[in-house]
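Please read the structure below before turning to the comments.
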Amino acid sequence: MRLDLIDAIPPVGGKRGAPRKRPDAVVADKAYHSNFREVMLWARGIEPILPRRGTDEDRGLGRVRWVVERTIAWLRQFRRLRVRYERRADIHQAFLTIGCVLICFRTLQRALC
């Protein structure tokens, strides 16, 4: 996790008023744990949820990470997203959006039937 990426996060939308500039917490796996990162995240007002290396703790990371892994697996069922044939980023983004729409549609269709 690069701290310059954390600093480049755009304002988070939500309730009226001044938009939040930073997330409440950052969740990462053991590979990203270091005292320097923890201190720098706390200094930015972000709670670091980083399990320590060499321990068996996971701090519930699997529950959060499973959603991301599952969604990526769902998107990989579309051949054009599995192997990127498109050179232009806008066309790839369009196929990614279509894939997300199809996944949402199928999920809603199953829930209503």
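Before moving on, here are some points about what is shown:
- Long-range HN-HN contacts of E47 with modeled amide H, under 5 Å: A25, V26
- Prolate/oblate/rounded label for the chain (Cα gyration tensor, a/c 1.5): prolate
- For the chain, calculated [θ]222 nm from helices alone, where every DSSP H run of n ≥ 4 adds -39500 (n - 2.57): -15500 deg cm²/dmol
- Cα gyration tensor category, rounded, prolate or oblate, for the stretch 61-112 with a/c compared to 1.5: oblate
- Neighbour-count ranking [beta-carbon atoms within 10 angstrom, fewest first] of L112, L50: L112, L50
- For the stretch 61-112, the dipole from Cβ point charges (+1 on Lys and Arg, -1 on Asp and Glu) about the Cα centre works out to 180 debye, to the nearest 20.
- Calculated FRET value between T107 and V83, using beta carbons and R₀ = 25 Å, to 0.05: 0.55
- Net charge dipole size for the chain [Lys, Arg +1 and Asp, Glu -1 on Cβ; Debye, nearest 20]: 480
- Nearest 10 degrees, 0 to 90: helix 61-75 Cα axis against the chain principal axis: 30
- For the chain: relative contact order, % (alpha-carbon pairs under 8 angstrom, 6 or more apart): 16
Taken together, the values in this text are just the output of simple stated rules run on the coordinates, not laboratory data. Please read all numbers here as calculations on a predicted model, not as lab measurements. Positions of Cβ are backbone-derived with ideal geometry, glycine not excepted, and every protein chain shown enters the neighbour counts.
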